[in-house]
Amino acid sequence: MRHVELVEDAVQHSMVAALDAWKERVPDEPTAWLYQVAHNKLVQDLRREQGRARILERATEDAHATESNSAFFADEIPDDMLRMAFACCHETIPWESQLVLALKVLCGFSTSEIALRLFTSEANVHKRLTRARDRLRLGAPELEMPPPETLRARLGGVHAVLYLLFNEGYQSAHAEHAIRHELCDEAVRLTTLLAEHPVGARPESFALLALMHLHAARLGSRVDAAGGLLLLEEQDRSRWDQERIASGMAWLQRSAAGDAFSRFHAEAGIAAEHCLAPSFAATRWNEIAELYAMLERVAPSPLHTLNRAVALAEAHGAAAGLAVVEDLAPPSWLAGSYLWDAVLADLHRRVGHVDVAHVHRERAVESAPTEAVRELLRRRLS
């Protein structure tokens with residue numbers, strides 16, 4: 001962890017080397033090849049720049065020892081990615097820097113992707129990442145697992161990282177992929193491990209996993225034959241994965257044990273309403289609006305208020321939704337987002353404010369992060 005920047009450089013070096021070395025033949029074990037090239041590069045850098053190769057060599061010996069014996073103690077985290085998530089969410093690293101560090105180092109997000117997910121600027125992402133790396137250099141958290149009570153204190157950060165990882169897969173900021181199934185699958189895998197572990201077996205983990213399953217059940221119907229995004233009302237509900245929906249409902253039921261109610265409970269409830277509705281028209285929009293109101297109470301955000309306005313518009317007409325939005329003073333991060341202008345464009349269009357709707361529509365399309373989202377907005381708001 002103390003040499004995380006050198007590690008990143010070594011990994012990039014191995015990827016570039018593979019682009020050249022694999023032109024004629026991909027090795028039998030490409031992961032091992034990449035690891036070895038990165039390892040060799042890192043050893044060279046440590047020897048040249050710091051003379052501390054023994055640190056890496058000791059870590060390599062520990063890794064081989066772990067590989068030869070897959071048994072873990074009951075309170076250990078039996079997955080390298082999940083262990084790294086807990087390390088990135090160390091309590092000595094500021095909260096916002098924890099998220100940036102984990103999304104950059106662990107999830108491989110670009111700076112622009114992180115900025116989009118956290119509703120901030122790329123400059124702020126760089127600042128937060130610098131603070132996190134400075135903290136690692138001063139005294140890096142080791143990967144050996146601390147006591148369970150310490151891990152539980154980090155659960156909020158780990159939940160946030162897994163949530164954002166899934167969201168990037170569900171509606172990606174990547175220019176060429178509107179949906180990234182591999183990120184959704186990895187988020188579900190890690191959250192399942194967390195929910196089944198004594199440290200993470202909490203209602204919040206169960207609700208987060210329910211949310212992921214319920215959203216993942218609809219992935220196959222969210223794009224058309226050309227790969228473009230489809231609106232909810234355009235999706236073929238017969239293609240929704242009923243086994244995934246059943247799994248989501250089971251985890252949601254499990255999350256109801258005890259008194260805990262988190263943002264993940266509310267969001268999973270909203271996803272459940274969509275999954276159980278026989279059609280778009282038959283959706284219980286009043287229930288969804290109420291769940292958004294509950295979400296606002298447990299995790300206040302103008303974005304949740306905006307979504308409640310959308311649900312109210314479906315339940316009682318666009319004027320009801322517009323009344324909520326007109327009372328909302330959006331912060332700069334939301335006012336500059338395509339989400340804000342898209343909702344205003346839709347509501348104003350539906351109540352007949354053609355000129356105002358046109359202005360917001362143009363802003364929304366211009367500020368959309370990808371061409372897939374821009375095309376979706378053009379179709380929805382035309």
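Here are the numbers for the structure shown:
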| quantity | calculated |
| --- | --- |
| Tabulated pairs, region 235-264, first in contact (Cβ under 8 Å) with a residue 24 or more places away in the chain, second aromatic (Phe, Trp, Tyr) and surrounded by fewer than 16 Cβ atoms within 10 Å (Cβ to Cβ), C-beta under 9 angstrom, 6+ apart or interchain | Arg237/Phe280 |
| Cβ-Cβ under 6 Å pairs, at least 6 apart or on other chains, region 69-89 side in a loop (DSSP other than H, G, I, E, B), far side of a type in the set (A, V, I, L, M) and at pLDDT 80 or above | Asp79/Leu193; Cys89/Val158 |
| Residue that is in contact (Cβ under 8 Å) with a residue 60 or more places away in the chain and either more than 22 Å from Pro78 (Cα to Cα) or buried (at least 18 other Cβ atoms within 10 Å of the Cβ) (or both), where the choices are Ala226, Ala160 | Ala160 |
| Counted residues, region 293-313 - those being surrounded by fewer than 19 Cβ atoms within 10 Å (Cβ to Cβ) and in contact with a Phe, Trp or Tyr (Cβ under 7 Å, 6 or more places away or on another chain) | 1 |
| Residue tally, condition surrounded by fewer than 17 Cβ atoms within 10 Å (Cβ to Cβ), assigned to a helix (DSSP H, G or I) and touching a Gly at 6+ places or on another chain (Cβ under 9 Å), over region 171-192 | 3 |
| Test: residue in region 155-168 that is outside any helix (DSSP H, G or I) and not polar (S, T, N, Q) | no |
| Residue count for region 335-369, restricted to those that are under 23 Å from Glu113 (Cα atoms) and either among the hydrophobic types (A, V, I, L, M, F, W, C) or touching a His at 6+ places or on another chain (Cβ under 7 Å) (or both) | 9 |
| Residue match in region 252-262 (condition: of a type outside the set (Gly, Ala, Ser), surrounded by 20 or more Cβ atoms within 10 Å (Cβ to Cβ), at pLDDT 95 or above and not in a helix (DSSP H, G or I)) | no |
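Yes or no, residue by residue, for (1) closer than 21 Å to Thr191 by Cα; (2) of a type outside the set (D, E, K, R); (3) in contact with a Cys (Cβ under 7 Å, 6 or more places away or on another chain):
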{"residue": "Leu231", "(1), (2), (3)": "no, yes, no"}
{"residue": "Glu234", "(1), (2), (3)": "no, no, no"}
{"residue": "Arg239", "(1), (2), (3)": "no, no, no"}
{"residue": "Gln242", "(1), (2), (3)": "yes, yes, no"}
{"residue": "Ile245", "(1), (2), (3)": "yes, yes, yes"}
{"residue": "Ala260", "(1), (2), (3)": "yes, yes, no"}
{"residue": "Ala266", "(1), (2), (3)": "yes, yes, no"}
{"residue": "Ala272", "(1), (2), (3)": "yes, yes, no"}
{"residue": "Pro278", "(1), (2), (3)": "no, yes, no"}
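The values are calculated or read from the model by the stated rules, or taken from the named source; none is laboratory data. Bear in mind that the values here come from a model prediction, so they are computed numbers and not experimental data. Backbone-built Cβ (ideal geometry, glycine too); neighbour counts: all protein chains shown.
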